[in-house]
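Engineer: Take a look at the following structure, please.
Here, each number is a calculation from the coordinates, and none is a lab measurement. The model shown is predicted, which means the values in this text are computed figures rather than measured ones.
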């Protein structure tokens, strides 16, 4: 893709988005903008999303023009240092074009939304729970590298090690579009640190992702279809332990879909957040009926199907991470576990883009 081009069917009606950006900036400068904190925060998120599209294109366009000017100068004066700097800049421009191209592939309905991101340990006791915690660290590093804002909504510690589950609210440009590529079952093969005989162990943990949607028209009979449980929220080492049962767990009985929230000390706030999460999850399940890729991920009861393995992380007898959907591989396992996931996400986005043509 050429910097500044406007591929048909993508997000890049640059002039329109520039006008939106200017309108939002003007609205934020008006008196009383911050009087409604929730509405103001939504506007700020929209501003970030638009800037994530417009600013990289503006920057690339200017840098390409400068590179052309330098190349013209080198035709008359073959300065070695200037040529070396031009070569380095061309490499940087190519890398940044890849980043912009990634955004062009995020054109589904809710790709630009914030999202709820959940990790769940599979069967396998301490090994699976330890793997779930390793995955949590991997994604937190990826969130940090991506500039996302992250809020922990719930956490259940493992019985011996690691975690049973964790849920986060992730805010940032195209958070859902990018992280939806990670939805499914992740498999780890390694020498178990919990096995006295040092045997190789296969462990599983799943990732589920739902977009944040302000208004979702989901028909729920809250009295008949929902079971609500409250409990005391607490973390490892006794941190953030409430004296009251403020944490809320909601179960949608027809599909046995469960969500929970414990980050607030107010039961009322946790209930409201859990209701939003449940609506988003049920919306995703409804979408799965019309989306072949989502349908593979969700089982009959609306949970991530354990047969839907998307990626294998092998530490023994060799070191390799392989995505089962795209075939993308990376032998630098340590970098991947430290949050270097861009190659896997890009490969999945390209596959989706090819399927949509």
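Engineer: Quick check: the distance between the Cα centres of the range 38-82 and the range 121-196, to the nearest angstrom?
Structural biologist: For the range 38-82 versus the range 121-196, the Cα centre distance is 34 Å.
Engineer: Select from 60, 86, 50 the residue whose mean-square fluctuation is largest in a Gaussian network model of the chain (Cα-Cα springs shorter than 10 Å).
Structural biologist: For the chain, modelled as a Gaussian network with Cα springs under 10 Å, the answer is 86.
Engineer: I would also like to ask the following. Who wins for biggest fluctuation among 77, 225, 346 in a Gaussian network model of the chain, springs between alpha carbons below 10 Å?
Structural biologist: Looking only at 77, 225, 346, the largest GNM fluctuation is found for 77.
Engineer: So what is the relative contact order for the chain, in percent, with contacts set as C-alpha pairs under 8 Å and at least six apart? List each step's numbers first, then the result.
Structural biologist: Details: 589 pairs, mean separation 53.3, N = 357.
The normalised contact order for the chain reaches 15 percent.
Engineer: Working from Cα positions, state the angle (0 to 90°, nearest 10) between the long axis of helix 267-288 and the longest principal axis of the chain.
Structural biologist: Once rounded, the angle reads 70 degrees.
Engineer: Another question, if that's okay. Pick from 284, 263, 36: which is most flexible by mean-square fluctuation in a GNM of the chain where alpha carbon atoms under 10 Å apart are linked?
Structural biologist: Comparing 284, 263, 36 in the GNM, the peak value goes to 36.
Engineer: Note the angle between two axes, namely the Cα long axis of helix 37-76 and the longest principal axis of the Cα atoms of the chain, as a number of degrees from 0 to 90, rounded to the nearest 10.
Structural biologist: 30 degrees
Engineer: Here are several values of mean projected area of the Cα convex hull in nm²: [x] 23.2; [y] 16.6; [z] 24.7. Which one was derived from the coordinates shown?
Structural biologist: [x]
Engineer: If you don't mind, another one. What 222 nm value per residue comes from the helices of the chain, counting each DSSP H run with n ≥ 4 as -39,500 (n - 2.57) and dividing by all residues, nearest 500 deg cm²/dmol? All intermediate terms of the calculation are to be shown ahead of the outcome.
Structural biologist: Numbers: 9 runs with 155 residues, N = 357.
Theoretical 222 nm ellipticity from helices: -14500 deg cm²/dmol.
Engineer: Rounded if a/c is under 1.5, else prolate if a/b is larger than b/c, else oblate: which is the range 261-357, with a ≥ b ≥ c the root eigenvalues of its Cα gyration tensor?
Structural biologist: Values: a/c = 2.33, a/b = 1.48, b/c = 1.57.
Oblate is the answer for the range 261-357, as a/c is 1.5 or above yet b/c matches or exceeds a/b.
Engineer: So what is the relative contact order of the range 14-104, in percent, for Cα pairs below 8 Å that sit 6 or more residues apart?
Structural biologist: Working: 32 pairs, mean separation 26.5, N = 91.
It comes to 29 percent, rounded to a whole number.
Engineer: With axes computed from alpha carbons, what is the tilt in degrees of helix 125-146 against the longest principal axis of the chain, rounded to the nearest 10 within 0 to 90?
Structural biologist: Approximately 30 degrees, to the nearest ten.
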